[in-house]
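The values are calculated or read from the model by the stated rules, or taken from the named source; none is laboratory data. Predicted, not measured: the structure shown is a model, and the values here were computed from it. Cβ sites come from the backbone with ideal geometry, for glycine too, and all protein chains shown count toward neighbours.
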Number of protein chains: 2
Amino acid sequence: MQGYDKYAYEPFAVTVDLAVLTLRAGALHVLLVERGLEPYAGRWALPGGFVLPRESAETAARRELAEETGLSDVSGLRLEQLRTYSEPDRDPRMRVVSVAFTALLPDPPEPHGGGDAAQARWLPYDPGRPLAFDHDRILADAHDRVGAKLEYSCLATAFCPPEFTLGELQNVYETVWGVTLDRPNFRRKVLTTPGFVEPVPGAARLTGGRGKPAALYRAGDATSLHPPLLRPPREGRPA
Amino acid sequence: MQGYDKYAYEPFAVTVDLAVLTLRAGALHVLLVERGLEPYAGRWALPGGFVLPRESAETAARRELAEETGLSDVSGLRLEQLRTYSEPDRDPRMRVVSVAFTALLPDPPEPHGGGDAAQARWLPYDPGRPLAFDHDRILADAHDRVGAKLEYSCLATAFCPPEFTLGELQNVYETVWGVTLDRPNFRRKVLTTPGFVEPVPGAARLTGGRGKPAALYRAGDATSLHPPLLRPPREGRPA
DNA sequence: CAGCTTTATAGTCGTAACGACTATTACTCG
DNA sequence: CGAGTAATAGTCGTTACGACTATAAAGCTG
């Protein structure tokens with residue numbers, strides 16, 4: 001950066017891309033938009049758009065998130081920078097550098113049509129689905145990152161509504177990691193980690209489904225998990 | 001990104017900034033360059049520069065790293081993307097979006113003057129030192145990230161020469177974290193983690209200093225630490 | 001309504017991991 | 001040759017965790 005005044009430089013277009021994840025019906029879903037124009041017309045792509053002249057990438061990402069999801073209040077949502085993608089040919093038309101973000105939503109805010117997208121929909125997360133540009137790689141990176149952050153942060157509550165049961169919280173881990181966890185052990189771990197969750201005062205319980213009604217919890221004030229909640233080590237590689 | 005063809009967009013300058021860390025004489029050092037021109041003339045700044053038209057940010061970062069350190073072979077070094085900084089006013093002259101990278105060097109490759117910088121030097125890491133632009137924040141973010149990655153990755157060996165003693169490896173942790181660790185326990189943890197380090201075959205030992213000569217090890221083929229090597233929990237916040 | 005299924009919650013037991021220590025070995029330095 | 005220093009070996013008690021059993025409280029099914 002000290003070389004400003006000597007180097008010639010080329011201007012780039014700067015965009016943001018959003019990997020917005022949620023849990024619908026026990027399966028991980030992603031917010032995708034269908035491209036109407038070439039290149040990649042008809043292909044699914046991550047929502048996103050240009051960073052405006054007076055915006056930071058974070059601001060632009062939050063604006064796009066509101067536009068694409070149609071949510072009235074996006075201010076409380078966690079929006080985390082993932083990484084920046086800058087391969088010279090990632091867009092065939094021009095030089096585009098894209099800052100990717102990850103967001104996690106509690107409940108499926110119904111599809112929506114807002115924003116400028118031809119069509120925006122929640123689709124099940126499928127690592128094999130080819131997306132426009134390098135978006136499949138961005139999405140895979142986002143999935144990896146979220147999976148890793150579940151281990152040592154309290155991020156999982158971001159997938160849950162304000163009040164949730166431990167079963168719902170466990171579903172977050174199981175769905176994102178693609179494993180099943182032992183329920184009593186999960187419960188013990190979460191409850192003995194100070195600040196991870198706190199019981200809802202009114203002794204409120206959630207009933208309605210089958211089985212014994214579950215106690216309700218809220219996210220606590222802790223932000224990191226010490227010690228972490230490790231996912232079971234993969235078979236084939238010793239721990 | 002689907003909005004290309006409708007939105008007008010503003011071109012940005014894209015740069016890379018490098019937080020290059022090393023251990024000199026048991027203290028964490030950073031590679032800094034002294035700015036010759038306004039703004040921030042005379043201030044220390046992170047090395048970096050513009051991304052050229054046909055480069056990715058990663059390529060540009062590696063090029064800059066070679067130029068600034070004067071190292072002949074930079075290809076083996078770990079260069080990791082940290083985060084992108086895009087506040088509209090981070091550079092008073094123009095709109096600059098900067099992709100920041102972190103690199104870790106084993107041994108202090110002597111200062112150097114290569115590249116276009118007025119002066120490049122290793123200075124002790126000091127969170128209080130004001131740097132040009134938002135570079136003090138970038139540097140702080142890099143330090144945080146490296147500290148966190150030491151816990152669950154084998155990154156620490158990147159600070160060490162190809163063959164190192166367990167004492168040197170422990171120094172990496174102690175220096176970056178700013179704590180002291182129990183030597184036998186550290187040793188046990190490192191040696192019982194498969195693939196973290198492997199002994200150098202020839203039963204080579206490093207002598208020369210005071211004390212008993214230490215056995216030499218190399219980095220193993222593992223890349224992540226399962227279970228992690230947690231830093232001691234801060235006092236004041238219960239674990 | 002009885003009994004099955006389902007889900008939440010309580011608790012046990014054995015082991016692995018880890019923090020805090022002590023002891024011993026093998027060097028250099030004065 | 002001792003004193004100091006750093007590496008290595010090993011012990012002990014506690015915590016954390018995986019695997020598992022048991023009980024409680026709901027809905028469902030006939």
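Which pairs have Cβ atoms under 7 Å, sit 6 or more apart or on different chains, and link a residue in region A:124-141 that is not assigned by TED's automatic domain parsing to the domain that holds A:GLU34 to one that is surrounded by 14 or more Cβ atoms within 10 Å (Cβ to Cβ) and aromatic (Phe, Trp, Tyr)?
Qualifying pairs under 7 Å: none.
Tell me, yes or no, whether region A:159-168 has at least one residue that is of a type in the set (Phe, Trp, Tyr), within 16 Å of DNA strand C (Cβ to nearest atom) and away from chain B (no Cβ under 13 Å). Don't jump to the end; show me each part of the working.
In the first step, residues of region A:159-168 are kept if they are of a type in the set (Phe, Trp, Tyr); the result is A:159, A:164.
Still in the list and also within 16 Å of DNA strand C (Cβ to nearest atom): A:159, A:164.
Checking which are away from chain B (no Cβ under 13 Å) leaves us with A:159, A:164.
Taking every residue of region A:159-168 in turn, at least one turns out to be of a type in the set (Phe, Trp, Tyr), within 16 Å of DNA strand C (Cβ to nearest atom) and away from chain B (no Cβ under 13 Å).
Please verify whether A:PHE196 is surrounded by 12 or more Cβ atoms within 10 Å (Cβ to Cβ), within 11 Å of DNA strand C (Cβ to nearest atom) and of a type in the set (Phe, Trp, Tyr), treating the condition exactly as stated.
Values: surrounded by 12 or more Cβ atoms within 10 Å (Cβ to Cβ): yes; within 11 Å of DNA strand C (Cβ to nearest atom): no; of a type in the set (Phe, Trp, Tyr): yes.
Against the criterion (surrounded by 12 or more Cβ atoms within 10 Å (Cβ to Cβ), within 11 Å of DNA strand C (Cβ to nearest atom) and of a type in the set (Phe, Trp, Tyr)), A:PHE196 does not qualify.
Anything in region A:196-215 that is at pLDDT below 95 and assigned to a loop (DSSP other than H, G, I, E, B)? List them, or say none.
Scanning region A:196-215 gives A:VAL200, A:PRO201, A:GLY202, A:ALA203, A:ALA204, A:THR207, A:GLY208, A:GLY209, A:ARG210, A:GLY211, A:LYS212, A:PRO213.
Among the residues of region A:212-221, is any near DNA strand D (Cβ under 10 Å from one of its atoms), free of Cβ contacts under 8 Å to residues at least 40 places away in the same chain and either away from chain B (no Cβ under 14 Å) or loosely packed, with under 15 Cβ neighbours inside 10 Å (or both)?
Checking region A:212-221: at least one residue is near DNA strand D (Cβ under 10 Å from one of its atoms), free of Cβ contacts under 8 Å to residues at least 40 places away in the same chain and either away from chain B (no Cβ under 14 Å) or loosely packed, with under 15 Cβ neighbours inside 10 Å (or both).
Okay, residues lined up against (1) assigned to a strand (DSSP E or B); (2) at pLDDT 90 or above:
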| site | (1), (2) |
| --- | --- |
| B:GLN2 | no, no |
| B:ALA8 | no, no |
| B:VAL14 | yes, yes |
| B:ASP17 | yes, yes |
| B:VAL30 | yes, yes |
| B:LEU37 | no, no |
| B:LEU71 | no, no |
| B:GLU80 | yes, yes |
| B:ASP91 | no, yes |
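Residue under question is B:GLU174, and the condition is that it be modelled with pLDDT of 95 or more, within 23 Å of B:ALA148 (Cβ to Cβ) and acidic (Asp, Glu); does it hold? Walk me through it before giving the result.
Details: modelled with pLDDT of 95 or more: yes; within 23 Å of B:ALA148 (Cβ to Cβ): yes; acidic (Asp, Glu): yes.
Here the answer is yes, as B:GLU174 does meet what is asked.
Looking only at region A:64-80, count how many residues are surrounded by fewer than 19 Cβ atoms within 10 Å (Cβ to Cβ) and among the polar types (S, T, N, Q).
Number satisfying all stated conditions: 2.
Answer yes or no as to whether A:TYR40 is aromatic (Phe, Trp, Tyr) and buried (at least 21 other Cβ atoms within 10 Å of the Cβ).
So A:TYR40 does not fit the description; no.
Please state which of the following conditions B:THR84 fails to meet, knowing it meets all the rest: (1) modelled with pLDDT under 95; (2) at negative phi.
Failed condition: (1).
Quick test of your reading of the structure: B:PRO162 fulfils all but one of (1) without any contact (Cβ under 8 Å) to a residue 12 or more places away in the chain; (2) outside the structural domain of B:GLY26 (by TED's automatic domain parsing); (3) in a loop (DSSP other than H, G, I, E, B). Name the failing condition by number.
Answer for B:PRO162: the failing condition is (1).
Out of (1) surrounded by fewer than 21 Cβ atoms within 10 Å (Cβ to Cβ); (2) in a strand (DSSP E or B); (3) within 14 Å of the chain's Cα centre (by Cα), what's the single condition that is false for A:ASP107?
Every condition holds for A:ASP107 apart from (2).
Assess whether A:ARG121 counts as being in the same structural domain as A:LEU21 (by TED's automatic domain parsing) and either crowded, with 19+ Cβ neighbours inside 10 Å or modelled with pLDDT of 95 or more (or both).
Numbers: in the same structural domain as A:LEU21 (by TED's automatic domain parsing): yes; either crowded, with 19+ Cβ neighbours inside 10 Å or modelled with pLDDT of 95 or more (or both): no.
Here the answer is no, as A:ARG121 does not meet what is asked.
The rows are residues; the columns are (1) within 10 Å of DNA strand D (Cβ to nearest atom); (2) free of Cβ contacts under 8 Å to residues at least 60 places away in the same chain; (3) within 17 Å of B:LEU229 (Cβ to Cβ).
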position: B:GLY178; (1), (2), (3): no, yes, yes
position: B:LEU181; (1), (2), (3): no, yes, yes
position: B:PRO184; (1), (2), (3): yes, yes, yes
position: B:ARG188; (1), (2), (3): yes, yes, yes
position: B:THR193; (1), (2), (3): no, yes, yes
position: B:PHE196; (1), (2), (3): no, yes, yes
position: B:ARG210; (1), (2), (3): yes, yes, no
